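Engineer: Quick one: structure below, then a few questions.
The values are calculated or read from the model by the stated rules, or taken from the named source; none is laboratory data. Quantities reported herein were computed from a predicted structural model and do not represent experimental measurements. SASA here: full protein model, heavy atoms, side chains in, ligands and nucleic acids out. Shrake-Rupley method; radii C 1.70, N 1.55, O 1.52, S 1.80 Å.
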Amino acid sequence: MEGKGMGLFMVKTQLDLIGGKISIESEPNEWTKLTIQFPNKVVNSKSENP
């Protein structure tokens, strides 16, 4: 299956917005390792309606 080459660009763009990271390692014709790191942020939200 052939893609358009936009998928990982879109993932990286979104990760950049939230402070995440993406990395890729590969050995041609052997394996590919894709690592995605999401930021670990605690959000303190209070509901107006309990």
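Engineer: Using a 1.4 Å probe on the protein heavy atoms only, what accessible surface does LYS33 show? Give it in Å² to the nearest 10.
Structural biologist: Around 100 Å² of this residue is reachable by solvent.
Engineer: Moving to a separate point now. Heads up, I need the accessible area for LEU8: 1.4 angstrom probe, whole protein in place, Å², nearest 10.
Structural biologist: Rounded to the nearest 10, that gives 90 Å².
Engineer: Extension gain LEU17-LYS33, at 0.36 nm per residue separation less the Cα-Cα distance, in nm?
Structural biologist: 3.5 nm
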